[in-house]
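The values are calculated or read from the model by the stated rules, or taken from the named source; none is laboratory data. Predicted model, so just to flag it, every value in this text is computed and none were measured. Cβ atoms come from the backbone with ideal geometry, glycine included; neighbour counts cover every protein chain shown. To get the accessible areas, we keep the full protein, side chains included, count just its heavy atoms, and leave off ligands, DNA and RNA. Shrake-Rupley method; radii C 1.70, N 1.55, O 1.52, S 1.80 Å.
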Amino acid sequence: MKLFLDTAEIDEIRTVARWGVLDGVTTNPTLFAKTSGMTYDEVLAEICTITSGPVSAEVVAEDVEGMLSEGRHFAKIAPNIVVKVPMSETGLEAISRFAAEGIRVNCTLIFTANQGLLAAKAGASLLSPFVGRLDDINEEGMIVIRELSDIVRFHELDAEVLAASVRHPRHVTESALAGAHIATLPFKVFQQMVRHPLTDKGIVQFRKDWDSARKAMAEKAPAGAGARG
Ligand code: E4P
C-alpha cells in the first residue's frame, strides 16, 4: 500500500518525506489556491525535488487540445510528474492521447467503478475514486474502491486504484483492506495515523519509570559512580 500526500504545501511534504513514508504527492487547483508565494509550476518543481514518487499536476482546460497543452507543459517540469485529468468525454480523449505520447495520467473525480474502468481502458495509470465526497452525499464511497480494485485485478488492467478524498484514518485502513494500491491523504490524516492516546501515555510512563530507576540507582551507588548501566 503506497501513501501519497494530498497537498501543495511544501513544508507538509518535507515533514512526511522525513518520516520515510512518502510515496508520492497529489495536488489540485483547490490545494494550490491555499498556498502563496510561488506559481503552480514552481510548486510542482519544488515538490519533485523532495520526492521521486509520482507528483500529480491537474489540468483545468475543458477541451482536449487545452488539456494536452497544459499536460505536456507539466510533464516537462520533472520526470515524475503525472498529469491529472478529470473524468469526462473530453478527459477520456485527452487520456488516450497522453497515453499514446507516453505521458502518465491520474484520472481524477471518479465516483463509480464504471468511470474507473473507462479511465483504465483509455490509458490512465492512476484511477482516483473520491471516497469522502461520496460519503458526504450519503453514499458508501468505499464500495467504489472495492469494486474498482476488484475489476483492475480480475482483468489485469495496467492501472492502480488511488483512494482519494480521504477524510480520516479509517478511510486509509478500509482502502487498504478493499484492495486500493494507493491512498492520498491530507497532512492532518497522516498525523492522526501516527498518534494514539495509549502510545502517548506509554511514552510518558516509560520516561517516568526510567527516571525513577536512575534516581534509585544513584541513591544506592557509592559516591562518584555513574548511575547508567
Ligand atoms: C485527489 O487527488 C484530490 O486532490 C483530493 O483527494 C480531493 O479531496 P477532497 O474531497 O477533500 O477535496
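Being hydrophobic (A, V, I, L, M, F, W, C), in a strand (DSSP E or B), in contact with a helix residue (DSSP H, G or I) (Cβ under 9 Å, 6 or more places away or on another chain) and surrounded by fewer than 22 Cβ atoms within 10 Å (Cβ to Cβ): is that true of LEU109 here? Outline the logic, then answer.
Values: hydrophobic (A, V, I, L, M, F, W, C): yes; in a strand (DSSP E or B): yes; in contact with a helix residue (DSSP H, G or I) (Cβ under 9 Å, 6 or more places away or on another chain): yes; surrounded by fewer than 22 Cβ atoms within 10 Å (Cβ to Cβ): yes.
For LEU109, the condition - hydrophobic (A, V, I, L, M, F, W, C), in a strand (DSSP E or B), in contact with a helix residue (DSSP H, G or I) (Cβ under 9 Å, 6 or more places away or on another chain) and surrounded by fewer than 22 Cβ atoms within 10 Å (Cβ to Cβ) - is met.
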Exactly one of THR108, THR112, THR90 is among the polar types (S, T, N, Q) and under 16 Å from THR27 (Cα atoms), and that one is THR108
Identity of the residue in region 14-30, of a type outside the set (Gly, Ala, Ser) and open to solvent by less than 40 Å² (accessible area, probe 1.4 Å), that ends up farthest from the chain's Cα centre (by Cα) = THR15
With the condition kept exactly as written, say whether any residue in region 186-199 is under 24 Å from SER56 (Cα atoms), in contact (Cβ under 8 Å) with a residue 60 or more places away in the chain, in contact with an Asp or Glu (Cβ under 7 Å, 6 or more places away or on another chain) and not charged (D, E, K, R).
-> yes
Any idea which of (1) without any contact (Cβ under 8 Å) to a residue 24 or more places away in the chain; (2) farther than 24 Å from VAL144 by Cβ is the one GLU89 doesn't satisfy?
-> (2)
